[in-house]
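Below is one structure, written out as structure tokens; comments come after it.
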Amino acid sequence: MKGVILQPSYIPWRGYFDQIYKADLFIFYDDVQYDKHGWRNRNRIKTRQGGQWLTIPVHSKGVVVEDIPINQIEIAWEQPWNDRHWRAIQQNYSKAPYFKMYAGWLEEVYQRRPSLLADFTIPLTIEIAQKLGISQTRFLRSSELNASGSKTDRLISILTQVGITHYISGPSARSYIENDKFQDAGITLEYMVYNYPEYPQLYPPFDPFVSILDLLFMTGPEAPRYIFS
């Protein structure tokens, strides 16, 4: 069985969904330390002025958020960030060919008010995967398991619990994954190669590293062709 373990992210780029597509079981790594300047609560959209960050504010006053697991990070709902994000998306993509196809659903998404960050980003990621036609992948949160150890040992603990025998990882993990431990556990390793074709964007030049929403709004039902082929 093929598996992927990735930290939950906010409206990720298309490479994230490529990994979901390749996996029989995709595990959201939600009980590891939150990284303040990572992708857990932010991503970029394309605008006439270039890339624009959309960031979900989280409660950090009086605490070191990097000491808190991702699944315990609280959204700062006293800020109207959801309205700002939805307005920014509308303003920059209302003229995109397939914006109207997803607008009703996405507007409803931004009306949700879960207290925890992971409870907003994980369901949204699963829904986007479904809109990309991904139906064979099962989803799980690492917090639902009893993983032990740290770093590579913790990954292997998760993989063996759920019966994954082939692990698919991002290329940057080559620098820290201990290959021999995977071999000893009988788990084969595969590293992603991100090599995707360009697609039409509203505001050139082409930017390959924006949120998946850009691809959906611009190509609609053809979006899978620009990821999985």
Matching residues in the range 195-222 (of a type in the set (Val, Ile, Thr) and part of a loop (DSSP other than H, G, I, E, B)) number 1
Of the conditions (1) closer than 19 Å to ARG40 by Cα; (2) open to solvent by 60 Å² or more (accessible area, probe 1.4 Å); (3) among the aromatic types (Phe, Trp, Tyr), TRP81 fails just one. Which one is it?
(2)
I'd like the full set of residues that are modelled with pLDDT of 95 or more, of a type in the set (D, E, K, R) and either crowded, with 21+ Cβ neighbours inside 10 Å or farther than 19 Å from LEU213 by Cα (or both), limited to the range 32-49.
ARG40, LYS46
Of the residues in the range 180-201, those that are open to solvent by less than 70 Å² (accessible area, probe 1.4 Å) and either closer than 19 Å to ILE5 by Cα or over 23 Å from the mean Cα position of the chain (by Cα) (or both) come to LYS181, PHE182, ALA185, GLY186, ILE187, LEU189, GLU190, TYR191, MET192
Select from the range 118-141 the residues that are open to solvent by less than 50 Å² (accessible area, probe 1.4 Å), of a type in the set (S, T, N, Q) and in a helix (DSSP H, G or I) and list them in ascending order.
THR121, THR125
Filter the range 158-176 down to the residues that are open to solvent by 20 Å² or more (accessible area, probe 1.4 Å), out of contact with any Lys or Arg (no Cβ under 6 Å at 6 or more places or on another chain) and of a type outside the set (D, E, K, R) and list them by number.
THR160, GLN161, VAL162, GLY163, THR165, PRO171, SER172, SER175, TYR176
Condition set part of a loop (DSSP other than H, G, I, E, B) and aromatic (Phe, Trp, Tyr), scope the range 13-31, selection surrounded by the fewest Cβ atoms within 10 Å (Cβ to Cβ): answer is TYR29
Using beta carbons and a limit of 9 Å, which pairs, at least six apart or on different chains, have the first residue in the range 177-195 and closer than 26 Å to ARG14 by Cα and touching a residue at least 40 places away in the same chain (Cβ under 8 Å) and the second one open to solvent by less than 40 Å² (accessible area, probe 1.4 Å) and in a loop (DSSP other than H, G, I, E, B)?
MET192/GLY170; TYR194/GLY170
Residues of the range 84-112 being touching a helix residue (DSSP H, G or I) at 6+ places or on another chain (Cβ under 8 Å), open to solvent by 50 Å² or more (accessible area, probe 1.4 Å), free of Cβ contacts under 8 Å to residues at least 40 places away in the same chain and assigned to a loop (DSSP other than H, G, I, E, B), which ones?
GLN111, ARG112
Does the range 170-179 hold any residues that are closer than 17 Å to SER150 by Cα and either hydrophobic (A, V, I, L, M, F, W, C) or under 23 Å from the mean Cα position of the chain (by Cα) (or both), and which are they?
ALA173, ARG174, SER175, TYR176, ILE177
Taking ASP214 and the conditions (1) within 16 Å of PRO97 (Cα to Cα); (2) open to solvent by 20 Å² or more (accessible area, probe 1.4 Å); (3) at pLDDT 95 or above, which numbered condition does it fall short on, given that it satisfies the others?
(2)
The correct count of residues that are part of a helix (DSSP H, G or I) and not hydrophobic (A, V, I, L, M, F, W, C) in the range 145-194 is 16
Residue among GLN91, GLN33, GLN19, GLN79 that alone is among the polar types (S, T, N, Q) and under 26 Å from ASN195 (Cβ atoms):
GLN19
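The values are calculated or read from the model by the stated rules, or taken from the named source; none is laboratory data. The structure presented is a predicted model; accordingly, all values stated were derived computationally and were not measured. Note that we place each Cβ from the backbone using ideal geometry, even for glycine, and neighbour counts take in every protein chain shown. Each accessible area value is taken on the protein alone, full model and side chains, heavy atoms only, with ligands, DNA and RNA left out. Shrake-Rupley method; radii C 1.70, N 1.55, O 1.52, S 1.80 Å.
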